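K.L.:
If you scroll down you'll find the structure; I have some questions about it.
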Amino acid sequence: MFAYYMEIAIGSLWRHRLLSGLMIVAMALGIGGSMTMLSVVHVMSGDPLPRKSSHLYIPQLNPLPVSYRNDRRADPSDNLTWPDAKALLSSRKADAQAAMAGGHLLVTPGASSQPFYVEGRFVTSGFFDLFGVPIESGHAWGPTDDEARARVVVLSQRLVSRLFPGVSALGRTVRLGNVAFEVVGVSGHFDPQPQFYGDVTSQPFGQQDDYFLPLETAIDKSLEATGNFASWGHRGSGNAMTSPGVTWLQFWVRLENPTKVEAYRQFLDHYWAQQHASGRFERVPDAKLYVLTDWLAKKKVVPRDLNLQLVLAFAFLLVCMANTIGLLFAKFSRKSGEVAVRRALGARRRDIVCQFSAEAVIIGLVGGGLGLGIAQLGLWTIRQQPDDYARLASMDGWMLLATFVLGLVASILAAAIPAVRTSLIEPALQVKVTE
Amino acid sequence: MSAAFQFPVIMRALKCHRLLSVLLFTQVAVTCAVVTNVVFLIAGRVHLMNQPSGIDESHLAVIESERVMSPGASIAPAIRGDLEALRYIPGVTRVAVVDALPFGHNDWINGFTSDVVNQGDTRLPMEVEPSLINGSQDALDVLGVRVVRGAQFAPQDFLPLEASSDNAGLQKVRVAIVTEAFAQRMFPGADALGRPIYVDGHSPVRIIGIADHVARPNLTVSDDNELIVFLPLVPDNAKALYIMRVDGDARSVIEAARHALLRVTNQRIFHRMESFTDLRADYFRRDAAMISILLAIAVALVFVNAVGIMGLASFWVHRRTRQTGVRRALGATRLSVLTYFLQENLVVVGGGALLGVVLALALNRILMAWFEVPHLSLSYLPVGWFAMILIGQLAAFVPALRASSVDPSAAIRG
């Protein structure tokens, strides 16, 4: 029976080519527009480190004085001071832990080639194990190197092929921010998007680290860190990076089960209470521990504009569907005679609904297919934009599937009202009127 | 039957198809509201992109280079050397160094007052915060800034900026050329030429020339976009913006300029190498992209809407083939049938668009709350309303024409 309905539907669509074409284009525009936006939002709210993210937590302390007035978008208590980071590091209460900060450094390869700037990170030795950064050759550094402020660096494959094309980088010297570092390791592919472990208030998308060097070495050499530096009570003298009155470090821990999470929470509150008792923290203990995905949601890394555009795109799809409803009404109404005859010959209402829905399914499938093309075009257009998230705009398998499901559901919904209305035709009355 | 307006008849007809009428009415209202706002936003962006830079944009090449030097090395001679190297490139007629350009992003905004500010002053003089553009001797000439009144800078006016000592040159400079917009803001209704203005409220600088239009490195709000002060301070920052006036295509000298500078030394980073035309396009890239997105939304909505109107009109026409036949049989002309259906469309679309006008105002309020969107100019409302009606009439024309060609015998055939 289904094949028969399909045959009727195709014949009927072909007879009204123009009308069918317009309906298909309207559906395709609606589906294409909403799938473009849905794909962008889907990619941007995706999990930056699948399989690992559920064990990664960011502890939050608030050492700011009660009187501290924050008039900027970034919250200074997102980051830690060096003394607090150091205390959490040496407690070793988590399964893995690291403190880190971004660095924008000048690379001076020597007299024969041009200098350039690279983005990378100042990290403590636990960083590589914490996030599972693959080391392709050589090795990372250990806690003793941290303390010794060793001038060692792990470079990305991308930077290595730029600095030392065709030769092994291990053991070579690279000048970063006018300090000579020895290359001890080369990291493999590590490009979580958004770059959740950095300062997510500035530019969390489209960034990739090209080097990792010991945080304590960076502090020792006063290498320039990027991100939000917020200070209070710190007066000019001395290194701001080690001041107990300057927050600038991101700190992440890995906690492998709920018991450990609870224990770590208590540890943080305990630490805060100690600092409060000693008079350093003015606020009463209220430590927070966010799991990675909650942290990204809290910091609203997906721009609000995008969510608004998504809503608009779906509103547009609704307008397109309203249209298709109207057009299908127009179309089905011409068949009232045919329906009356079929009903008189014993077709049930259900049969009529099925017959007309078959047409909607075809419109949905073709519209969905065309919409897929429109969505690809839309995503391509977005990739040409200067926004930092633009290069991520593409469709994965789930989105491909979702497009077809959306096309089917939208067109069946659009067909339901007219199909049901048509099936309500009274057989006798219509036969009498039409013939 | 006359072609006169048949409002009560139309209302009765619409009532018979309540669901479809409401569907079409709402769709028209939403489209009208969205499209009016979208067109308004597009017009705003287009206006922004038409902001004149005030300089001669064609045949101008820009190179931003950062010298990497050992600590303590002096940058001023290095910049002079770079300028010398650029001067001899074939096709380059004049060169200069500046520290900012219209649409160039790097923006140094500094406060000036119309009188000295002393501590404890209760009545404060006028204060204006222009963007500074400092340059070497030929800078204004290379840029093509039109000094419409007063004089150009004389060679002895030029001083080093002294970027490494907190831009100390700013406190020593004695003359300035300002834009008309700045002069008007600082001395409303008076002639600014020859008057002193005060850097940060204390060191006096005399206005010796007035330029007509020059845009800021970063545009803000429209009345503030041309507040510019030119000072005869030769930039000596590590990052230098070299500008070159070129015979022929500005892009053609970029490669030669890059090589020339690299021959001087390769210990430098190029942050920018492009023609001014490209720099301008780059500055407005986001706006251009936004315009095309908004345009796509508007066109798609209008298209979908027209399709809907057309479909429903043909549905109605078809449903009433018999009535139309009866009317024709009773003596209605083809024209009156055509106008009847067009009027019916006018009632639904016109009514929907009227609601759309109200919705457009509401949508504008919502956008204003969320984004930096200005008040919807009221002149857009009647235009939007009329445009919707026109689209509706055009979309309904073909089905209405079909109705008018219904044969009177349809009345008996059913």
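K.L.:
Before anything else, pin down the relative contact order of region A:1-154: Cα pairs under 8 Å, at least 6 apart, normalised by residue count, whole percent.
P.N.:
12
K.L.:
Report the net charge of residues surrounding A:Pro65, where surrounding means a beta-carbon distance below 14 angstrom and charges are Lys +1, Arg +1, Asp -1, Glu -1.
P.N.:
Once positives and negatives cancel, what remains is +2.
K.L.:
Which of A:Lys86/A:Lys299; A:Lys288/B:Lys239; A:Lys52/B:Lys239 have a Cα-Cα distance over 32 Å?
P.N.:
A:Lys288/B:Lys239; A:Lys52/B:Lys239
K.L.:
Further question: Average partner chain C-beta neighbours within 10 Å, per residue of B:278-290?
P.N.:
If you average over the peptide's residues, the count of other-chain Cβ atoms is 1.
K.L.:
Expressed in nm to one decimal, what extension gain is obtained for the pair A:Leu424 and A:Asn239 from 0.36 nm per residue of sequence separation less their Cα-Cα distance?
P.N.:
This chain segment gains 58.4 nm when fully extended.
K.L.:
Additional query: Among A:Asp351, A:Asp145, A:Asp269, which one moves the most in a GNM of chain A with springs linking Cα atoms closer than 10 Å?
P.N.:
A:Asp351
K.L.:
Let me make sure I get this right: for region B:199-306, a, b and c are the square roots of the gyration tensor eigenvalues over alpha carbons, sorted descending. Under 1.5 in a/c it's rounded, otherwise prolate if a/b > b/c, else oblate. Which is it?
P.N.:
Values: a/c = 2.76, a/b = 1.36, b/c = 2.03.
It comes out oblate by the Cα gyration axes.
K.L.:
Quick one: buried accessible area between B and A, total over both chains, 1.4 angstrom probe, nearest 100 Å²?
P.N.:
3000
K.L.:
Over the whole of B:313-319, what's the average partner chain Cβ count within 10 Å per residue? Rounded to a whole number, please.
P.N.:
The per-residue average across the peptide is 4.
K.L.:
To continue, here is another question. Going by a ≥ b ≥ c, the root eigenvalues of the Cα gyration tensor, does region A:37-163 fall in the rounded group (a/c under 1.5), the prolate group (a/b larger than b/c) or the oblate group?
P.N.:
Details: a/c = 1.42, a/b = 1.26, b/c = 1.12.
Since a/c stays below 1.5, the shape of region A:37-163 is classed as rounded.
K.L.:
What net charge do the residues around B:Ile133 carry, taking every other residue with its C-beta under 13 Å from that of B:Ile133, with Lys and Arg at +1 and Asp and Glu at -1?
P.N.:
Taking every Cβ under 13 Å from that of B:Ile133, the sum is -2.
K.L.:
Let me ask something else about it. Using θ = phi - 60° and the Karplus relation 6.51 cos²θ - 1.76 cosθ + 1.60, list the HN-Hα couplings for region A:187-194 in order, rounded to whole Hz, with x at every Gly or Pro.
P.N.:
Couplings: 8, x, 5, 8, 9, x, 10, x Hz.
K.L.:
Can you pull the mean other chain C-beta count within 10 Å for peptide B:19-28?
P.N.:
Counting Cβ atoms of other protein chains within 10 Å of each residue's Cβ and averaging gives 3.
K.L.:
Debye sum, Cα scatterers, the protein assembly as shown, no solvent: what log₁₀ I/I(0) at q = 0.11 1/Å?
P.N.:
The calculated log intensity ratios at q = 0.11 Å⁻¹ are -1.29.
K.L.:
Note down, for region A:223-285, the three equivalent ellipsoid semi-axes (square root of 5 times each alpha carbon gyration tensor eigenvalue), biggest first, whole angstrom.
P.N.:
That gives 27, 18, 8 Å for the three semi-axes.
K.L.:
Evaluated at 25 °C with a viscosity of 0.890 mPa s, what Stokes-Einstein diffusion coefficient in µm²/s does region A:1-96 have when Rh comes from the Kirkwood expression over alpha-carbon pairs?
P.N.:
Estimated diffusion coefficient is 121 µm²/s.
K.L.:
If packing is taken as the average number of other Cβ atoms within 10 Å across a peptide's residues, how do B:382-391, A:356-365 rank, most packed first?
P.N.:
On the way: B:382-391: 17.4, A:356-365: 22.9.
Per-residue Cβ counts within 10 Å, averaged per peptide and sorted highest first, yield A:356-365, B:382-391.
K.L.:
While we're looking at this one, here's another question. Relative contact order for region B:299-414: what percent, with Cα pairs under 8 Å and sequence separation of 6 or more?
P.N.:
That works out to 54 percent.
K.L.:
Between A:Ala419, A:Ala344, A:Ala230, which gets the highest mean-square fluctuation from a Gaussian network model of chain A, Cα cutoff 10 Å?
P.N.:
Taking springs between Cα atoms under 10 Å, the residue moving most is A:Ala344.
K.L.:
Along the positive direction of the dipole of the protein assembly as shown (beta-carbon charges: Lys, Arg +1; Asp, Glu -1; about the Cα centre), which of B:Val398, B:His105, A:Ser161 reaches farthest?
P.N.:
Farthest towards the positive end: B:Val398.
K.L.:
Further, regarding this structure: Lys/Arg Cβ at +1, Asp/Glu Cβ at -1, dipole of chain A taken about the Cα centre: which of A:Trp398, A:Gly177, A:Ala277 is farthest positive-ward?
P.N.:
A:Trp398
K.L.:
Okay, moving on. How compact is chain B by the rule of thumb for globular proteins, expressed as Cα Rg over 2.2 N^0.38 Å?
P.N.:
Chain B yields a ratio of 1.49.
K.L.:
Can you grab the distance from the C-alpha centre of region B:51-90 to the C-alpha centre of region A:240-298, Å, no decimals?
P.N.:
49
K.L.:
Quantify, in whole percent, the carbon and sulfur part of the accessible surface of the protein assembly as shown (1.4 Å probe; protein heavy atoms only). Let's see the in-between values first.
P.N.:
On the way: 22680 of 38460 Å².
Ligands and nucleic acids excluded, carbon and sulfur give 59 percent.
K.L.:
Return, ordered by residue number, the residues of region B:64-95 whose backbone nitrogen is under 16 Å from a label point located 7 Å along Cα→Cβ of B:Ser252.
P.N.:
B:89-94
K.L.:
Given a Förster distance of 41 Å, report the FRET efficiency between B:Ala281 and A:Val167 from their Cβ-Cβ distance, rounded to the nearest 0.05. Numbers along the way, then the final one.
P.N.:
Numbers: r = 41 Å, r/R0 = 0.99.
With R0 = 41 Å, the Cβ-Cβ based efficiency is 0.50.
K.L.:
Go through region A:323-332 residue by residue and turn each phi into a ³J(HN,Hα) via Karplus (6.51, -1.76, 1.60, θ = phi - 60°); whole Hz please, and just put x for glycine and proline.
P.N.:
Ordered by residue, 3J(HN,Hα) equals 4, 4, 4, x, 5, 5, 3, 4, 6, 5 Hz.
K.L.:
Another question, then. Once you have a ≥ b ≥ c as the square roots of the Cα gyration tensor eigenvalues for region B:57-110, tell me rounded if a/c is under 1.5, and otherwise prolate or oblate according to whether a/b is larger than b/c.
P.N.:
oblate
K.L.:
So, by mean Cβ neighbours within 10 angstrom, what's the order for B:228-238, B:69-79 with the highest one leading?
P.N.:
Answer by packing, highest mean first, reads B:228-238, B:69-79.
K.L.:
Take every Cα-Cα pair in region B:289-335 and report what % of them are more than 14 Å apart.
P.N.:
So the portion of pairs separated by more than 14 Å is 67 percent.
K.L.:
I would also like to ask the following. I need to check one value: relative contact order of region A:87-156, counting alpha carbon pairs closer than 8 Å and at least 6 residues apart, in percent. It would help to have the intermediate numbers written out before the result.
P.N.:
Values: 69 pairs, mean separation 17.8, N = 70.
Relative contact order comes out at 25 percent.
K.L.:
What number do you get for chain A when its Cα radius of gyration is normalised by 2.2 N^0.38 Å, N = residues?
P.N.:
1.38
K.L.:
Something else: Using modelled backbone amide H atoms (1.01 Å from N, in-plane), which distant-in-sequence or interchain residues come within less than 5 Å of A:Thr124's amide H?
P.N.:
A:Ala99, A:Leu215
The values are calculated or read from the model by the stated rules, or taken from the named source; none is laboratory data. None of the values given here were measured: they were computed from a predicted structure. Cβ sites come from the backbone with ideal geometry, for glycine too, and all protein chains shown count toward neighbours. Protein only, heavy atoms only, side chains kept; ligands, DNA and RNA dropped before computing areas. Shrake-Rupley method; radii C 1.70, N 1.55, O 1.52, S 1.80 Å.
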